[in-house]
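> Once you've had a glance at the structure underneath, I'll fire off some questions.
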Amino acid sequence: MSEASPADRAGTFGALETHLRARRDSGAKLLVPYVTGGYQGWQRAVEAAAAAGADAIEIGVPFSDPVMDGPVIQQASTAALADGATPASVLEEARELDTGVPHAVMTYYNLCHHQGHERFASALLDAGVCAAILPDLPYVEAGPWLEAAAETGLEAILLAAPTTPEHRLADLCGASRGFVYAVGLLGVTGERTALARTATQIAARCLAVTDRPVLTGVGIGSPSQAVEACEVSDGVIIGSAVVRTLMSDGPEAVGELVASYRTALDHG
Amino acid sequence: MAAATDGPTPCHRSVMGEPTTDGRFGEFGGRFVPETLVAACEELEAAFREAWADPAFVAEFETMLRDYGGRPSPLTECRNLSSQLGVRLLVKREDLNHTGSHKINNVIGQALLAQRMGKTRLVAETGAGQHGVATATAAALLGMECKVYMGAVDVDRQALNVFRMRLLGSEVESVQSGSRTLKDAVNEALRDWVATVENTHYCLGSVMGPHPYPWMVRTFHHILGDEAAAQCKDLTGGDPDMVVACVGGGSNAAGIFSGFADGDARLVGVEPAGGAAVGRGVPGVVHGMTSYLMQDEVGQVMEAESISAGLDYPGVGPEHAYLAAIGRAEYPSVTDDEVVEAFTLMSRAEGIIPALECAHALAWIVRAAPEIQGQTVLMNLSGRGDKDVDQMMDVLGMHGLSE
Ligand SMILES: Cc1ncc(COP(=O)(O)O)c(C=O)c1O
């Protein structure tokens, strides 16, 4: 790296990971809610989630072909796009947020590819976002993106799946920045009636090869499932449950939902 | 046939050869799938390499295509159209295969491979329904469970094929998301596969998707290009001046191009005007691959719009993007109106009702005819038009062409 990247200059590179490590090391279980950006009331939902004890927020930038998402998040993305949401409009609105916790963007790779890796990473940083998750860009294809993100100063989070072979897992966890996203089951986002056995297995496999925070996501649909996942994992990502609540009961209800997870994780 | 006697030789071709180890044709291709599916793609690639190197597997594949699929398909010289257009028009009759299109080649290959891998269930996407019908057929034959995803728009315009699939014992799910056409059916099939990868094989219907699909699907279609090359040689003493095929994902075009890519014949892939991924020439990444992709100014994938459900796709197989980029093949587009005219022209002049997809190829030949007078033109007649008759009753009424 020849000159300091924007995030280095601001002293923020690694803000997400630093924050999550500190929280973990203090004994807390990490809670990261996902909210679809651009959906009506999404900013208030993010603020309510943060006020209710979220450790970081994942902001979805809606994409036309969300292949890792189940019906709930698909519906929210489609509605947001129909309302005119664009990557720029969501980031503009994200910039206005003041939550006191780090923000990560979750979206699909074509939006990043189309804009160009560096420009995409810079646009996120400009909006106060410190990390990105691109679920259709697997580790084996992520090299150029990881490099560009690191040079720009954005934390690129990678996903580890129950099917990730052992020979790749340590490298994958080593290359991921911010945290390691352990995909809890074979499937797309959405709540399930019970926690899949794969959820604790993959978290344990990741924790055996990395000291980065490992968060379990996909398929966590209740506070008790979150507690169960956190018997192994450092924390959880809750997506569909949050988005379903936002769509049916509005942003304030998201605060109550996140609070119920927070309470369960702190006392469960 | 060359393929039947010499055995398959997927690696010797220089222009349409094997992709790089990371699945690239030039800068296109790759494996852009959720992490969950990466291992499945690797496993599939290993299984395909191993099977294709096993003469017993290849013999089973070719025997089944012959005794069940009806190969080799004939080459027909279209005398009436030839004299009308001033060219020598030869058509490869993939419409005469079992299930009515070229799709059966790939499906038999993948279904046999899936069985060899111990998978018990197939999922597939379909646009026009031809790939879905072919997959449902193979599943019935081999005793596998099968689920086909089809966009709701296509379910409406290809009702006959929906019924066929159900008759064959497959489940058909009408996909309501996005543009409710082929691209959304692919998304839904991928979502299914992410959840069922342990017992399920995704039987992808074109030369698209993550590595090894573009290469594997093209390899299963080599047989049609090899047959056509031998048949042309028998009939005319050599290669044609040009080879023309329609391009949705690009499987029928890849199959026939593969028989001629290392010769001098001009290769023409015809896209629909409303789905001209190569024509627009903007690279993108969706459905597991880097290729040309119709997208808006920020990178949202656009909805293709074509009269033909099988070509209603905003992307294209990565090898076609490569062939276009290196200048070996060209990819013009034709309008729905030109296609409708070609559809009726072929029906009346030759007594062959073509699928709307390959009517695109003929539409381009009709348009180009004044510039290619006297040339020998090989066209891939990728499927029969029976599935389109219902839709065309409305369309031709609208165009005032029904008499
Ligand atoms: C008869 C026929 N031709 C062509 C196609 C387009 O597919 P491809 O471009 O892969 O050949 C289809 C797809 O449904 C088809 O049914």
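> Taking a ≥ b ≥ c as the square roots of the eigenvalues of the Cα gyration tensor of chain B, is the shape rounded (a/c under 1.5), prolate (a/b larger than b/c) or oblate?
Numbers: a/c = 1.36, a/b = 1.19, b/c = 1.14.
Rounded shape, in that the Cα axes give a/c under 1.5.
> On to the next question. To the nearest 0.05, what FRET efficiency results for residue B:176 and residue A:208 with a Förster distance of 41 Å applied to their C-beta separation? Present the calculation step by step, with values, prior to reporting the outcome.
Values: r = 42 Å, r/R0 = 1.02.
Calculated transfer efficiency: 0.45.
> How well do other chains shield peptide B:36-42, expressed as the mean number of their Cβ atoms within 10 Å of each residue Cβ?
If you average over the peptide's residues, the count of other-chain Cβ atoms is 6.
> Is there a simple number for the mean count of other chain Cβ atoms within 10 Å of the Cβ of residues in A:135-145, and what is it? Write out the running numbers ahead of the final one.
Numbers: counts 4, 10, 5, 13, 2, 10, 11, 2, 0, 0, 0.
For this peptide, the per-residue mean of nearby foreign Cβ atoms is 5.
> Please state the relative contact order of region B:60-130 as a whole percent: Cα pairs under 8 Å, 6+ residues apart?
With pairs under 8 Å counted, the relative contact order is 28 percent.
> Hey, another quick one. Note down the net charge around residue B:51, summing +1 for each Lys or Arg and -1 for each Asp or Glu among other residues with Cβ under 10 Å from its Cβ. Write out the running numbers ahead of the final one.
Working: positive: B:49, B:116; negative: B:50, B:54, B:60.
Cβ neighbours under 10 Å give a net charge of -1.
> Okay, next question. Would you mind classifying region B:192-312 by shape? Square roots of the alpha carbon gyration tensor eigenvalues, ordered a ≥ b ≥ c; an a/c under 1.5 is rounded, otherwise it is prolate if a/b is larger than b/c and oblate if not.
Numbers: a/c = 2.53, a/b = 1.44, b/c = 1.75.
Note, shape of region B:192-312 comes out oblate.
> Within a 10 angstrom radius of each residue's Cβ in B:73-79, how many Cβ atoms of other chains show up on average? Whole number is fine. Kindly include the intermediate steps, with their values, before the conclusion.
Numbers: counts 0, 0, 0, 0, 0, 0, 0.
Across B:73-79, the average partner-chain Cβ count within 10 Å equals 0.
> Place a point 7 Å from the Cα of residue B:393 along the Cα-to-Cβ direction; which residues of region B:300-335 have their backbone N under 19 Å from it?
From region B:300-335, the list is B:308-309.
> Right, another one. State the Cα centre-to-centre distance between region B:325-366 and region B:180-258 in whole Å.
Here the two parts' Cα centres lie 19 Å apart.
> Determine the sum of side-chain charges near residue B:29: Lys and Arg each +1, Asp and Glu each -1, restricted to other residues whose C-beta is under 13 angstrom from that of residue B:29.
In short, -3.
> Hey, another quick one. Which of B:103/B:387; B:92/B:183; B:119/B:387; B:103/B:147; B:119/B:147 have a Cα-Cα distance over 19 Å? Walk me through the intermediate numbers first.
Details: B:103/B:387 14 Å; B:92/B:183 28 Å; B:119/B:387 30 Å; B:103/B:147 17 Å; B:119/B:147 14 Å.
With Cα atoms farther than 19 Å apart: B:92/B:183; B:119/B:387.
> Right, here's the next one. Per residue, how much accessible area does the protein assembly as shown show when a 1.4 Å probe rolls over the protein heavy atoms, in square angstrom? Present the calculation step by step, with values, prior to reporting the outcome.
Numbers: 22600 Å² over 671 residues.
It amounts to 34 Å² per residue over the protein assembly as shown.
> Is there a quick way to get the dipole size of chain B? I mean about its Cα centre, with the Cβ of Lys and Arg at +1 and of Asp and Glu at -1; what is the value in debye to the nearest 20?
Numbers: 30 positive and 53 negative charges, 113 e Å.
The dipole magnitude comes to about 540 debye.
> Okay, next question. Quick one: which bits of region B:270-308 get at least 40 Å² less accessible when the partner protein chains are in, versus the chain alone, with a 1.4 Å probe?
B:285, B:298, B:300
> In the Gaussian network model of chain B, springs joining C-alpha atoms below 10 Å, which of B:309, B:56, B:359 carries the largest mean-square fluctuation?
B:56
> Quick one: Cα centre-to-centre distance for region A:88-163 and region A:13-66, in angstrom?
14
> Each label point is 7 Å from the Cα along the Cα-to-Cβ direction; what then is the distance between the points at residue B:60 and residue B:262, in nm?
According to this spin-label approximation, the distance is 2.9 nm.
> By the scheme Lys and Arg +1, Asp and Glu -1, what is the net charge of all other residues having a beta-carbon under 14 Å from that of residue A:79? List each step's numbers first, then the result.
On the way: positive: A:244; negative: A:69, A:83.
Its environment carries a net charge of -1.
> Viscosity 0.692 mPa s, temperature 37 °C: Stokes-Einstein D of chain A from its Kirkwood Cα radius, in µm² per second? List each step's numbers first, then the result.
Numbers: Rh = 18.0 Å.
Diffusion coefficient, whole number: 182 µm²/s.
> GNM, chain A, Cα, under 10 Å: largest mean-square fluctuation among A:176, A:89, A:248?
Evaluated over chain A, the most mobile residue of the options is A:248.
> Pick from B:217, B:148, B:286 the residue whose mean-square fluctuation is largest in a GNM of chain B, springs joining Cα atoms under 10 Å.
Maximum fluctuation in the GNM of chain B, among the listed residues, is at B:286.
> So how far apart, in nm, are the two label points at residue B:140 and residue A:22 if each is 7 Å from Cα heading toward Cβ?
Output for this residue pair reads 6.6 nm.
> Got a number for carbon plus sulfur as a percent of region B:156-304's accessible area, 1.4 Å probe?
On the way: 1970 of 4180 Å².
Solvent-exposed carbon and sulfur of region B:156-304 make up 47 percent of the total.
> Determine the total buried accessible area between chain A and chain B, counting protein heavy atoms only with a 1.4 Å probe; round to the nearest 100 Å². All intermediate terms of the calculation are to be shown ahead of the outcome.
Working: alone 10940 and 14390 Å², together 22600 Å².
Chains A and B together bury roughly 2700 Å² of accessible area.
> Expressed as a fraction of 2.2 N^0.38 Å, the rule-of-thumb size for a compact globular protein of N residues, what is the C-alpha radius of gyration of the protein assembly as shown?
Values: Rg = 26.0 Å, N = 671, 2.2 N^0.38 = 26.1 Å.
With N residues counted in the protein assembly as shown, Rg over 2.2 N^0.38 Å equals 1.00.
> Considering only protein heavy atoms and a probe of 1.4 Å, how much of the accessible area of region A:29-267 is carbon and sulfur, as a whole percent? If you can, show how the numbers build up before the last one.
On the way: 3840 of 7740 Å².
Whole-percent figure for carbon plus sulfur exposure: 50.
> What GluC sites (Glu not before Pro) in region A:193-268 are in a loop by DSSP, with at most 13 other Cβ atoms within 10 Å of the Cβ? Don't skip to the end; give the middle numbers.
Details: sites: A:228, A:231, A:252, A:256; in loops: A:231.
Answer by residue number: A:231.
> Need one word for region A:1-127: rounded, prolate or oblate. Basis is the Cα gyration tensor (sqrt eigenvalues a ≥ b ≥ c); a/c below 1.5 gives rounded, then a/b vs b/c decides.
Values: a/c = 1.82, a/b = 1.16, b/c = 1.56.
Oblate shape, in that a/c is at least 1.5 and b/c is the bigger or equal ratio.
> Return the distance in nm (one decimal) between the two label points of a simple spin-label model at residue B:53 and residue B:236, each offset 7 Å from Cα along Cα→Cβ.
Simple spin-label model gives 3.8 nm for this pair.
> Just name one of B:236, B:51, B:224: the one whose Cα is farthest towards the positive end of the charge dipole of the protein assembly as shown (beta-carbon charges, Lys/Arg +1, Asp/Glu -1).
B:51
> Starting from the Cα-Cα distance between residue A:118 and residue A:197, subtract it from 0.36 nm times their residue separation and give me the gain in nm to one decimal.
24.6 nm
The values are calculated or read from the model by the stated rules, or taken from the named source; none is laboratory data. This is a predicted model, so every value here is computed, not measured. Cβ coordinates were reconstructed from backbone atoms using ideal geometry, including for glycine residues, and neighbour counts include every protein chain displayed. For the accessible areas, the whole protein counts, side chains as well, though only heavy atoms, and no ligand, DNA or RNA atoms are used. Shrake-Rupley method; radii C 1.70, N 1.55, O 1.52, S 1.80 Å.
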